[in-house]
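Below: the structure, in structure tokens.
The values are calculated or read from the model by the stated rules, or taken from the named source; none is laboratory data. Keep in mind the model is a prediction, meaning the values are calculated, not measured. For neighbour counting, all protein chains shown are included, and Cβ atoms are generated from backbone atoms with ideal geometry for every residue, glycine included. Each accessible area value is taken on the protein alone, full model and side chains, heavy atoms only, with ligands, DNA and RNA left out. Shrake-Rupley method; radii C 1.70, N 1.55, O 1.52, S 1.80 Å.
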Amino acid sequence: MSATRYAYLGPEGTFTEVALRTLPEAATRELVPMVSVPAALDAVRSGEAAAALVPIENSVEGGITATLDELTTGAPLMIYREVLLSITFALLVRPGTELSDIKTVTAHPAAQPQVRNWMAAHLPNAVWESSASNADGARLVQEGRFDAAFAGEFAAATYGLEPLVTEIHDAANAQTRFVLVGRPARPSAPTGADKTSVVIWLGEDHPGALLELLQEFAVRGVNLMLIQSRPTGEGIGNYCFAVDAEGHIADRRVGEALMGLKRICPNVRFLGSYPRAGVTPDEVRPLRMGTSDRDFTEASDWLARSQDGRV
């Protein structure tokens, strides 16, 4: 395995590259652009790269399905950290292009919901076609295949383009969440401000099946930050659920919730416990009464004493 290589969704000039360069260790790694999320994650699986940074969620459209599906299937991978990046787009064009000249535009599919209203107001007749990434869209504009691309303003110089319009976003304060993914190993130690990600498959479809899964978290005081259904590919109505929960697998409440899920589900894939980006332990909501590690330990000790006749 190449311990010095980090893959990312390329080509050069993507928001993913910008997010990756915010990590301190990126300065000592060879950063390798890949043509797609699956290609970046496969580079980790094959040992071509030690880790890969990929987008997994944005605050406008929700989960990035390509990443969720890739983490759900194939050889297991684990998330080791996350990065939050504020997102605003520029409309990149070849020099001399005016707004009235633009008939075709391109960008990554996740960008469309974030600029849809702006396009309707300023380019109502332009035809949209998705590209592999926002930077790849800029490359296609450079090659003359599209008139304009929505991408980061920083990508303009790389592809010899000009930002015709900047600060484009339908939702203020839009952010994208990226995750650093590697091969499975022991998670880092709890920080007090952590997140645990899993994928859960239903055992059978029956009334209350999803509620049974959620109760495993609820009764132990584990707050869910994301739950998203994804088709399993085994026919209409067959779904698995990607879940992000507050806490670390080493926390008793989280560990016991995962054990509860494993008892009632045919498959639970642990995707990692890792520090939450931009959150300190002091900012984490107080635990509900009866859900701290101490509470679980005291309850376990009480049960042992009762079983031994030491009530």
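A few remarks follow.
- Tally of residues being of a type in the set (Val, Ile, Thr) and open to solvent by 10 Å² or more (accessible area, probe 1.4 Å) across the stretch 140-151: 0
- Qualifying positions in the stretch 88-98 - open to solvent by 10 Å² or more (accessible area, probe 1.4 Å) and under 19 Å from Ala155 (Cβ atoms): Thr88, Arg94, Pro95, Gly96, Thr97
- Residue list for the stretch 152-187, restricted to those being more than 14 Å from Tyr274 (Cβ to Cβ), open to solvent by less than 10 Å² (accessible area, probe 1.4 Å) and of a type in the set (A, V, I, L, M, F, W, C): Ala155, Ala156, Ile168, Ala174
- Residues within the stretch 1-16 that are charged (D, E, K, R) and either out of contact with any Pro (no Cβ under 7 Å at 6 or more places or on another chain) or farther than 17 Å from Phe89 by Cα (or both), tallied: 1
- Evaluated against (1) in a loop (DSSP other than H, G, I, E, B); (2) open to solvent by 20 Å² or more (accessible area, probe 1.4 Å); (3) among the small types (Gly, Ala, Ser), Ala49 falls short on exactly one condition, (2).
- Taking the criterion of being among the hydroxyl-bearing types (Ser, Thr, Tyr) and in contact with a helix residue (DSSP H, G or I) (Cβ under 9 Å, 6 or more places away or on another chain), the residues of the stretch 66-96 that qualify are Thr67, Thr88.
- Sole residue being of a type outside the set (Phe, Trp, Tyr), open to solvent by 30 Å² or more (accessible area, probe 1.4 Å), under 28 Å from Pro231 (Cβ atoms) and within 13 Å of the chain's Cα centre (by Cα), chosen from Glu82, Glu70: Glu70
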